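Heads up: the structure comes next, in structure tokens.
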Amino acid sequence: MQVRLWGRVFLLSKKKCIFLLLLLLVVCAIIGYALIVYNKPSGSVSDSDKPENTILFIPKATLCPTPYQSNEAETRYAIHLTGCIVNPGVIYVAPGEILYDAIILAGGFTDDADTEAANLAMKISDGMQIRIPSKKDADKTWLISPGISGNHSDPPDADQGENSKMVNINTASVAQLMTLSGIGASTAKSIISYREENGPFLRIEDIMNVPGIKEGKYNKIKDDICISS
């Protein structure tokens, strides 16, 4: 076989022609493979490299506990912290916790907080509102509302409407307490001091533990006082 290349004539045998064709095919295959590998995206994965039946494990969402769950172990009490607290606001604590625990959950005291003004060992009641005064505050009142003790599933008292017209000895101010028969400014302040030091009154009869209030004075005011929140 004669092959003209670059102006010259070459005589090739049949075997040489076959060899040159095979060599040309090999060179083309190598060049084609190199082009494919070079142009292939670095992050791509071939179908053969992909794992079969890939499973993604997604954890269940964690639900923030609500304050009124039926399960006693998950019950939470809402408490409103104000004043000299790092993160004031409403937080949820477990029954049996004390005021100090709630304050720590809220980030603790600020630098100017009067840490001795409140009874930090007081047990938390649901709906309680606490104000931590500063060292410069003249008014050291810290128990704004004693909240509600007990189970939230209990039905409301039948005389709740009537009690709303009474003086709540757990939340009343000095002026409100002075509207009661025989209660002056000094005794009203003693009532507030007693509940701040000992916690909310659990029964209206407990008001007789306040200095200056005996059975006679209690009988005059017992129909005009209540302890509901």
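The values are calculated or read from the model by the stated rules, or taken from the named source; none is laboratory data. None of the values given here were measured: they were computed from a predicted structure. Cβ: placed from backbone, ideal geometry, glycine included. Neighbour counts: every protein chain shown.
Summary of values
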{"quantity": "Any pair with Cβ under 7 angstrom, 6 or more apart, that starts in the range 102-121 at a residue that is without any contact (Cβ under 8 Å) to a residue 24 or more places away in the chain and within 8 Å of Ile132 (Cα to Cα) and ends at one that is surrounded by 15 or more Cβ atoms within 10 Å (Cβ to Cβ) and hydrophobic (A, V, I, L, M, F, W, C)", "calculated": "Thr115/Phe109"}
{"quantity": "Among residues of the range 94-144, those that are assigned to a strand (DSSP E or B) and surrounded by fewer than 21 Cβ atoms within 10 Å (Cβ to Cβ), counted", "calculated": "7"}
{"quantity": "All positions within the range 218-228 that are farther than 18 Å from Met178 by Cβ and in contact (Cβ under 8 Å) with a residue 40 or more places away in the chain", "calculated": "Ile227, Ser228"}
{"quantity": "Of all residues making up the range 176-217, the number that are without any contact (Cβ under 8 Å) to a residue 12 or more places away in the chain and small (Gly, Ala, Ser)", "calculated": "4"}
{"quantity": "Output for the range 165-192, where each listed residue is in contact with a Pro (Cβ under 9 Å, 6 or more places away or on another chain) and assigned to a helix (DSSP H, G or I)", "calculated": "Thr187, Ser190"}
{"quantity": "Matching residues in the range 50-91 - criterion: being of a type in the set (Ser, Thr, Tyr) and at pLDDT 90 or above", "calculated": "Thr82"}
{"quantity": "Members of the range 193-229 found to be in a loop (DSSP other than H, G, I, E, B) and of a type in the set (A, V, I, L, M, F, W, C), listed by number", "calculated": "Phe201, Leu202, Val210, Ile213, Ile227"}
